[in-house]
1. Just one of (1) in contact with a Ser or Thr (Cβ under 8 Å, 6 or more places away or on another chain); (2) closer than 26 Å to K153 by Cβ; (3) part of a helix (DSSP H, G or I); (4) β-branched (V, I, T) trips up T204, so point out which.
2. Take the residues of region 107-128 that are surrounded by fewer than 23 Cβ atoms within 10 Å (Cβ to Cβ), away from the ligand (no atom under 12 Å from the Cβ) and within 14 Å of the chain's Cα centre (by Cα): which is nearest to R179 (Cα to Cα)?
3. Restricting to region 47-106, name every residue that is assigned to a loop (DSSP other than H, G, I, E, B), within 11 Å of the ligand (Cβ to nearest atom) and basic (K, R).
4. Of the residues that make up region 138-145, is at least one more than 16 Å from the chain's Cα centre (by Cα), within 8 Å of the ligand (Cβ to nearest atom) and without any contact (Cβ under 8 Å) to a residue 60 or more places away in the chain?
5. Name, by its number, the condition in (1) among the β-branched types (V, I, T); (2) buried (at least 17 other Cβ atoms within 10 Å of the Cβ); (3) free of Cβ contacts under 8 Å to residues at least 24 places away in the same chain that does not hold for T219.
6. For region 18-25, state whether one or more residues are in contact with a strand residue (DSSP E or B) (Cβ under 6 Å, 6 or more places away or on another chain), small (G, A, S) and modelled with pLDDT of 95 or more.
7. For residues in region 4-46 being of a type in the set (V, I, T) and part of a strand (DSSP E or B), which is nearest to the ligand (Cβ to nearest atom)?
Amino acid sequence: MAFETIIVEIEDHVALVKLNRPDALNALNQQLLGELMQALEEADANDKVRCILLTGSEKAFAAGADIKEMSSMSFVDVNASNLFAAFGDGIQRIRKPVIAAVSGYALGGGCELAMACDFIIASDTAKFGQPEINLGVIAGMGGSQRLTRAVGKSKSMDMNLTGRFMDAEEAERAGLVSRVVPAKKMMEEAMGAALKIVEKSLITARTAKEAVNRSFESTLTEGLLFERRVFHALFATEDQKEGMAAFMEKRQAQFRDK
Ligand code: CAA
């Protein structure tokens, strides 16, 4: 099925997924979230893809959930459709690394979408925020939870209660984004990061992602135990033998995902 609200290109083992509702600043309507989930699942299942890069336009990564679509919904509608839940649960099941490349507005659901990715590379024009309070609602796709884990209680409360936006510099200082680059260089930098990941063993990359994500769901002792178990398990792979042999032979490792 051809997508109408996103564009997907696969090149050099990277699935580049671009949100494409320019007239609505990539507002996340149900069609877009459905298409995006389908694209992410297809990329996760596609042997040619080893990393996923999600981006928007220069002006907006995404300006949030589609307010026009939501405005007339009742409690019963929202409750029955379980609004945003299917997407929120689905993106957590993607096992390949997912990078968000954010330029311009990442607000409400847009900020939450970026935070649901594995890490965020931001352009110096990026603006993050959870302004849902101005609409008489609160964050509905993780903004009260993931933002708090990323930047701590005080700043998260500030963002969620005042609705103010955080610029890229503040977002980097607060630990929300991993790197900030000039707008013109952002896609090059994000693609560079994706290409670095593509070179790794996919088994190892998936395991690293799983281990980091485990830290959000467990005590330190449980998390360390999980890490120790999967660290040991990687010694059962050919890629561990290859990686360590390549180091000793002073050559580039040739991983085979085995
Ligand atoms: N939903 C639907 N349409 C949106 C939208 C959104 N979230 N954000 C922007 N648009 C539309 C505007 O309505 C406008 O369309 P029209 O020309 O047809 O009116 C078009 O995109 C361009 O927007 P603006 O004219 O407003 O552009 P601007 O540069 O003046 O302002 C902005 C940009 C500050 C991002 C402003 O558009 C804005 O505040 N948007 C809403 C941000 C927001 O509140 N997001 C949270 C949504 S709720 C949510 O996300 C719930 C959740 O947690 C899941």
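1. Going through the list (1) in contact with a Ser or Thr (Cβ under 8 Å, 6 or more places away or on another chain); (2) closer than 26 Å to K153 by Cβ; (3) part of a helix (DSSP H, G or I); (4) β-branched (V, I, T), T204 breaks only (2).
2. Among residues in region 107-128 that are surrounded by fewer than 23 Cβ atoms within 10 Å (Cβ to Cβ), away from the ligand (no atom under 12 Å from the Cβ) and within 14 Å of the chain's Cα centre (by Cα), the one nearest to R179 (Cα to Cα) is F119.
3. Across region 47-106, the qualifying residue is only K59.
4. yes
5. (2)
6. No.
7. From region 4-46, those of a type in the set (V, I, T) are 5-8, 10, 14, 17; that's our starting set.
Checking which are part of a strand (DSSP E or B) leaves us with 6-8, 10, 14, 17.
Numbers: I6: 16, I7: 18, V8: 23, I10: 28, V14: 27, V17: 19 Å.
Residue satisfying both the conditions and the ranking: I6.
The values are calculated or read from the model by the stated rules, or taken from the named source; none is laboratory data. Not measured: the values here are computed from a predicted model. All Cβ positions, glycine included, derive from the backbone under ideal geometry; neighbour counts span all protein chains shown.
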